[in-house]
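A short write-up of the structure that comes next.
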Amino acid sequence: MAMSFLSKLKEGLDKTRKGITDKMDDLFNNYGEIDDDLFDELEEILITADVGMETTMTLIDRLREALKERRVKDASQVKPVFKEVVAEVLTENNNKPFKIEKVPTIIVVIGVNGVGKTTTIGKVAHRLKQEGRSVMIAAADTFRAAAIDQLLIWGDRVGVPVVRQSEGSDPAAVIFDAIQSAKAKNTDVLICDTAGRLHNKVNLMNELSKVFRIIDREFPEAEREVLLVLDATTGQNAIQQAKVFGEAADLTGIVLTKLDGTAKGGVIMAINHTLNIPVKLVGVGEGMDDLQPFEATDFVEALFESE
């Protein structure tokens, strides 16, 4: 499984690799001695791949130090050192993999509409069922009938019950019902969808805080994961979304979807470094098993492998 996912990751990162690694290989192979121009060009490559200014500067600074320590003077020897630097930065905040260790667990899934929230919930439910867990879904994005319908389809496909009410119902009421049902059936994991409307931040915060109040009151014994779903194709905009949702909820991890559809996969480094929130799951395809736990070492391996 790990090897097959590494292969999928390599395939999924193809566009990002062309934007970062191929350009880096050209840079390092065509330079002689290391100088400031080389660092400037590397900086440009990273920023273009949506690594972000702050993270780029951290990577460049650490690379300079590492090259100095190892007395590397030739540009052709920079890549393996840079690979180590990236792995080091990525592993600093990714020490908490996605794993259900205690039951009951409640997973609250948040994010703007269109990022792949319902698909993520369906795939996580499938993954947990494969691990032998009993799962239930709460369709608490009651502002969109389509969201409820999609979750019903996923529930049917994966074979898990979906607790829902009609469109326009109070999301917190759906969560309340789902908690009672999950408790009555001794369900291992309850996965809750939430509304993703960002145009009114006050409403978003009020809705989410109401949901969390219900969970605090009705399900305090449950382990809690609060996963923010972000679309990798939006690049730096994903970081802005994370900052807004981070103000409204105590995020425990990030799910990065559509990594295979973008050249901006470098955003994973920016998210990890600037937000100090672990990336827990990544999506690299449409298949049911194409959402997998994020492993920093696998990511670096897949990203920096030259064709």
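The values are calculated or read from the model by the stated rules, or taken from the named source; none is laboratory data. The model shown is predicted, which means the values in this text are computed figures rather than measured ones. With ideal geometry, Cβ positions are generated from the backbone for all residues, glycine too; neighbour counts draw on all protein chains shown.
Report whether or not ILE179 is crowded, with 17+ Cβ neighbours inside 10 Å, part of a helix (DSSP H, G or I), among the hydrophobic types (A, V, I, L, M, F, W, C) and touching a strand residue (DSSP E or B) at 6+ places or on another chain (Cβ under 9 Å). First the steps, then the outcome.
Details: crowded, with 17+ Cβ neighbours inside 10 Å: yes; part of a helix (DSSP H, G or I): yes; among the hydrophobic types (A, V, I, L, M, F, W, C): yes; touching a strand residue (DSSP E or B) at 6+ places or on another chain (Cβ under 9 Å): yes.
Criteria met by ILE179.
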#### Entry: Selection within the stretch 46-81 - within 19 Å of VAL267 (Cα to Cα) and surrounded by fewer than 20 Cβ atoms within 10 Å (Cβ to Cβ)
ILE47, THR48, MET53, GLU54, MET57, THR58, ILE60, ASP61, ARG62
### Summary
Of the residues in the stretch 173-219, those that are over 15 Å from SER134 (Cα atoms) and of a type in the set (Ser, Thr, Tyr) come to THR194, SER209
### Task
Within the stretch 295-307, track down each residue that is under 19 Å from ALA49 (Cα atoms) and assigned to a loop (DSSP other than H, G, I, E, B).
GLU305, SER306, GLU307
### Task
Would you mind listing the strands (runs of 3 or more DSSP E) fully within the stretch 188-281 where at least 2 residues are within 26 Å of THR21 (Cβ to Cβ) and under 11 Å from the mean Cα position of the chain (by Cα)?
223-231, 253-257
### Task
Kindly provide the set of residues from the stretch 231-266 that are among the acidic types (Asp, Glu) and surrounded by fewer than 20 Cβ atoms within 10 Å (Cβ to Cβ), ordered by number.
GLU247, ASP250
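Residue by residue through the stretch 140-158, note down the ones that are among the small types (Gly, Ala, Ser), free of Cβ contacts under 8 Å to residues at least 60 places away in the same chain and touching a Ser or Thr at 6+ places or on another chain (Cβ under 9 Å).
Result: ALA145, ALA146, ALA147.
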### Query
If you go through the stretch 23-37 one residue at a time, do you hit one that is modelled with pLDDT of 80 or more, assigned to a helix (DSSP H, G or I), out of contact with any helix residue (DSSP H, G or I) (no Cβ under 9 Å at 6 or more places or on another chain) and not acidic (Asp, Glu)?
no
### Message
Can you tell me which residue is nearest to GLU207 (Cα to Cα) among those in the stretch 137-171 that are surrounded by fewer than 16 Cβ atoms within 10 Å (Cβ to Cβ) and aliphatic (A, V, I, L, M)?
### Response
ALA145
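If the requirement is being more than 22 Å from GLU305 (Cβ to Cβ), part of a helix (DSSP H, G or I), touching a Ser or Thr at 6+ places or on another chain (Cβ under 8 Å) and at pLDDT 90 or above, which of these qualifies: GLU43, GLU65, GLU69?
The unique qualifying residue is GLU43.
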## Note on the structure
Of (1) in a helix (DSSP H, G or I); (2) modelled with pLDDT of 95 or more; (3) closer than 25 Å to PHE245 by Cα, ILE153 fails just (3)
#### Entry: Those residues of the stretch 12-56 which are under 28 Å from the mean Cα position of the chain (by Cα) and over 20 Å from THR274 (Cβ atoms), in sequence order
GLY12, LEU13, ASP14, LYS15, ARG17, LYS18, THR21, ASP22, LYS23, MET24, ASP25
